[in-house]
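**Q** Okay, handing you the structure first.
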Amino acid sequence: MKTSAFVYPWDVNGDPDAPASVAGLGVEQVTLAAAYHSTRALTPRHPRHRVVTAEYAAVLYPPDARWRGREPRPYEAGDWAPGDAWGEAAAALADAGLEVHTWVVLAHNSRLGAEHPHTSVVNAYGDRYPWAPCIAQPATRAYLTDLAAEAAVRPGARGTELESLGWYGLAHLHAHDKTGGVGLGDAGQYLMSLCFCPDCRAGYGGQGLDAGELAAAVRAALEPVWRGTAPSDGGWAGVAKLLGETPANATRAWRDQTARTLQEAAVAAVRAAAPDGFQVLLHADPVSYHCGANAGVDPAHILSVADGVVVPCTGGAGLLTPFAEQRRPGAVLAANLTVVAGMGGRPDTLAGDAARARALGATELRLYHAGLASDGDLEAVRSGLAGR
């Protein structure tokens, strides 16, 4: 199977050995970050540094004139990725014989929420989530669509992977996260991720719900969860049990339609800007009401919109099955496997994990993450890919 490794520009720029090291893993492709959220990242082999702190969500190239006078707009990176960091790294990786695709993070941006608070998801209690732009807001949708097109179609890129192209919610690991004291489960996470900004309130109205009554119902449904007297698991059935089947289904209808139309618009914008043969994939979860970096989608719908999906498979490849059941000829189903042992990955079982993913329908592999992994992890990756 074709295999790609995730890489940041700062893993490559300033390290003349990095491109050959990545190519030597046995991968054919790299997925190189072009727009990314704030992070603190190890660079265990870099000759100039060991830790990179990306202070805010930024594009890793100079944005073009389309943003002049607009708000919101993307920010250029600081000294962790100056200038056209993406272009510099992409050229070095291509010279090593690797196909380069962009990696674009969209609806996950704490600086956007800090500087433009009205853009954020607002929960039923009135708390804002500055890391989570509300994808129902027209200005935010226009920003995300244009950012997708610009960041995806960088010179030399053969394709793109769009991350967080959908709803973001409570589950984020924001700064020093302290939200694990109550086990929310799928149902509680959904209720705590429902947005009550003005646009979403209007959207619920279009589904026959009174937004004020709905917010009160959400708070009432969560009260026994906070007290620990009622479970909040059970998937969608748990949501319906806590909130009531009719209002639960109405909120999901609004959110599903909002995410689908954004996904359609962003993919269309990328294709309009891209050369022929440019591949567009989404990081995706096959449960449409899930929030996060792997956007919740309907498998049949998203495979009719994009060229394929990247699916989280660390710890098991079962999420591939709903996509495999809807796969059309030529669609990419990429199994994303963490190969950093310190982040819960199992590079030592890569060959077996890849075989299981293939059996469940995977056509390609993604390895997270070549820059973060130790030398020992990378040696296990080389062995695992050689044994496929």
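**Q** Per residue of the range 313-324, in order, report the coupling 6.51 cos²θ - 1.76 cosθ + 1.60 (Karplus, θ = phi - 60°) as ³J(HN,Hα) in whole Hz, putting x for Gly and Pro.
**A** Karplus values, whole Hz, x for Gly and Pro: 10, 5, x, x, 9, x, 5, 5, 4, x, 6, 4.
**Q** Now a separate question. Long-range amide H contacts for residue 332: which residues qualify at under 5 Å (H placed 1.01 Å from N, peptide plane, sequence gap of 5 or more or a different chain)?
**A** 308, 309
**Q** Right, next: Pull up the DSSP beta bridges for the range 1-132 and report the antiparallel fraction as a percent, rounded to 5. Walk me through the numbers on the way to the answer.
**A** Numbers: 8 of 19 bridges.
That works out to approximately 40 percent antiparallel.
**Q** Quick one: how many Å² of residue 39 are accessible to a 1.4 Å probe, rounded to 10?
**A** 30 Å²
**Q** For residue 321 and residue 237 in one chain, what is 0.36 nm times their gap in residues minus the Cα-Cα distance, to one decimal in nm? Mind showing how you got there, number by number?
**A** Working: separation 84, 0.36 × 84 = 30.24 nm, distance 2.07 nm.
So the extension gain works out to 28.2 nm.
**Q** Also: At 20 angstrom or more along the helix axis (alpha-carbon based) and mean Kyte-Doolittle of -1.0 or higher, what helices does the chain contain? Whole DSSP H runs only. Walk me through the numbers before you get to the answer.
**A** Details: long enough: 138-152 (21 Å, 0.17); 211-227 (24 Å, 0.46); 245-273 (42 Å, -0.49).
Long hydrophobic helices here: 138-152, 211-227, 245-273.
**Q** Run the quick spin-label model on residue 382 and residue 28: label points 7 Å from Cα toward the beta carbon, then report their separation in nm to one decimal.
**A** Between residue 382 and residue 28, the simple spin-label model gives 2.2 nm.
**Q** At a threshold of 8 angstrom on Cα-Cα distance, excluding pairs fewer than six apart, so keeping six or more, what relative contact order does the chain reach in percent? Intermediate values should be presented prior to the final figure.
**A** Numbers: 826 pairs, mean separation 64.3, N = 388.
Value for the chain: 17 percent.
**Q** Whole number in Å², please: accessible area per residue of the chain, 1.4 Å probe, ligands, DNA and RNA not counted. Each step should come with its number before you reach the end.
**A** Details: 15290 Å² over 388 residues.
Ligands and nucleic acids excluded, the figure is 39 Å² per residue.
**Q** Something else: Modelling each spin label as a point 7 Å along the Cα-to-Cβ direction, I'd like the residue 375/residue 127 distance in nm, to one decimal.
**A** With each label point 7 Å from Cα toward Cβ, the separation is 4.4 nm.
**Q** Still on this model: Compute, for the chain, the length of the dipole vector about the Cα centre, with Cβ point charges of +1 (Lys, Arg) and -1 (Asp, Glu) only. Units Debye, rounded to 20. Mind showing how you got there, number by number?
**A** On the way: 31 positive and 40 negative charges, 85 e Å.
Value, rounded to 20: 420 debye.
**Q** Heavy atoms only, 1.4 Å probe, whole protein assembly: order 343, 1 by accessible area, highest first. Walk me through the numbers on the way to the answer.
**A** Details: 343 105, 1 40 Å².
So the residues, ranked largest to smallest area, are 343, 1.
**Q** With every protein chain present, what accessible area does residue 346 have (1.4 Å probe, heavy atoms only), rounded to the nearest 10 Å²?
**A** Near enough 130 Å² of accessible area.
**Q** Take every DSSP beta bridge with both residues inside the chain and express the antiparallel ones as a percent of the total, to the nearest 5. The partial results should precede the final answer.
**A** Values: 9 of 47 bridges.
The answer is about 20 percent antiparallel.
**Q** Search the structure for amide H atoms under 5 Å from the amide H of residue 121, placed 1.01 Å from N in the peptide plane, and list their residues when 5 or more places away or on another chain.
**A** For residue 121, whose amide H was placed from the backbone, the distant partners under 5 Å are 129, 132, 134.
**Q** Still on this model: Before rounding to the nearest 500, sum -39500 (n - 2.57) across all DSSP H runs of length at least 4 in the chain and divide by the residue total; then give [θ] at 222 nm in deg cm²/dmol.
**A** Numbers: 14 runs with 151 residues, N = 388.
It lands at -11500 deg cm²/dmol.
**Q** Then there's this: Can you sort 348, 285 by 1.4 Å-probe accessible area, starting with the largest? Don't jump to the answer; show the numbers that get you there.
**A** On the way: 348 105, 285 20 Å².
So the residues, ranked largest to smallest area, are 348, 285.
**Q** Another one. Under a crude label model (7 Å from the Cα following the beta-carbon direction), how far is residue 49 from residue 210 in nanometres?
**A** My value for the distance between the label points is 5.4 nm.
**Q** In the range 240-351, if the dipole is taken from +1 on Lys/Arg beta carbons and -1 on Asp/Glu beta carbons about the Cα centre, which of 329, 248, 339 is farthest to the positive end?
**A** The residue sitting farthest along the positive end of the dipole is 248.
**Q** Leaving ligands, DNA and RNA out of it, work out the accessible area of residue 254 with a 1.4 Å probe and give it in Å² to the nearest 10.
**A** 50 Å²
**Q** Among 46, 290, what's the order by accessible area (1.4 angstrom probe), most exposed first? Show your work: numbers first, answer last.
**A** Details: 46 5, 290 45 Å².
Accessible-area ranking of 46, 290, largest first: 290, 46.
**Q** Which residue, 283, 226, 9, has the largest displacement toward the positive end of the dipole of the chain when charges sit on each Cβ (Lys, Arg +1; Asp, Glu -1)?
**A** The Cα lying farthest towards the positive end belongs to 226.
The values are calculated or read from the model by the stated rules, or taken from the named source; none is laboratory data. Predicted model only: the values in this text are computed from it and were never measured. No Cβ is skipped: glycine too gets one built from the backbone with ideal geometry, and neighbour counts run over all protein chains shown. For accessibility, only protein heavy atoms count, side chains too; no ligands or nucleic acids. Shrake-Rupley method; radii C 1.70, N 1.55, O 1.52, S 1.80 Å.
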